[in-house]
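Read the figures in this text as sums done on the coordinates, not as results from a lab. Quick caveat, the model's predicted, so the values are computed rather than measured. Reconstructed Cβ throughout: ideal geometry from the backbone, glycine too, with neighbour counts over all protein chains shown.
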Amino acid sequence: SGNAPELMIAGALPDVVEDQFDRLFAELGIGKVRWFPGRSSTALPPIGPNTRLLLAQPFLGDTARALEARGAKLLDAPYPFGAEGTTAWLHAAARAFGVDEMNFRSVVAPGRERAKRAMERHAERL
């Protein structure tokens with residue numbers, strides 16, 4: 001889509017998790033999300049100055065530097081671990097793509113609520 005920014009996620013995640021994130025990004029209004037590595041070894045996504053990069057896991061410093069050398073812009077975000085980390089990770093993408101704050105909150109609220117309920121069952125032992 002010409003000069004429109006595109007989101008690239010670097011880091012190997014299970015397909016079902018990628019699909020869940022794809023749905024969330026779509027609900028946020030962030031169009032095409034590319035995954036690196038992709039599900040197919042021949043599906044190498046284009047990388048350039050309109051690429052916005054999120055890291056899905058640690059230990060990807062060399063990967064991030066190589067993608068930045070090709071023009072990608074690394075978004076400052078924690079890793080999507082736990083409810084807080086995942087919310088902040090999604091929020092970094094939402095800010096980079098100009099997503100309205102109220103829309104962001106409404107999209108992430110159901111997942112945050114599920115996480116809160118799941119943790120309440122274990123709170124006494126923690």
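List of remarks:
- The angle between the Cα long axis of helix 15-28 and the longest principal axis of the Cα atoms of the chain comes to about 90 degrees, rounded to the nearest 10.
- Ellipsoid equivalent to the chain - semi-axes via the Cα gyration tensor, in Å: 27, 17, 13
- When both region 55-119 and region 15-30 are represented by their alpha-carbon centers, they are found 11 Å apart.
- Selected from Ala77, Ala93, Ala109 as most flexible by GNM, with the chain as the system and alpha-carbon contacts under 10 Å: Ala109
- On Cα atoms only, tilt of 101-120 relative to the major axis of the chain in degrees: 50 degrees
- Counting only trypsin sites (Lys or Arg not before Pro) that DSSP places in a loop and that have at most 15 other Cβ atoms within 10 Å, the longest clean stretch of the chain runs over 71-120.
- With contributions of -39500 (n - 2.57) from each DSSP H run of at least four residues, the per-residue ellipticity at 222 nm computed over the chain stands at -15000 deg cm²/dmol.
- For region 1-106, the set of chymotrypsin sites (Phe, Trp or Tyr not before Pro) satisfying both a DSSP loop assignment and a count of at most 10 other C-beta atoms within 10 Å is given as Phe59.
- Point-to-point label distance, Ser41-Asp76, nm (Cα→Cβ direction, 7 Å offset): 3.8 nm
- Nearest-ten-degree value, helix 82-96 long axis tilted from longest Cα axis of the chain: 40 degrees
- This model, with +1 at the C-beta of Lys and Arg and -1 at the C-beta of Asp and Glu, gives the chain a dipole about its Cα centre of some 20 debye.
- Plainly put, region 38-107 has a radius of gyration that is 1.00 times its Kirkwood radius, both from alpha-carbon atoms, as the Rg/Rh ratio.
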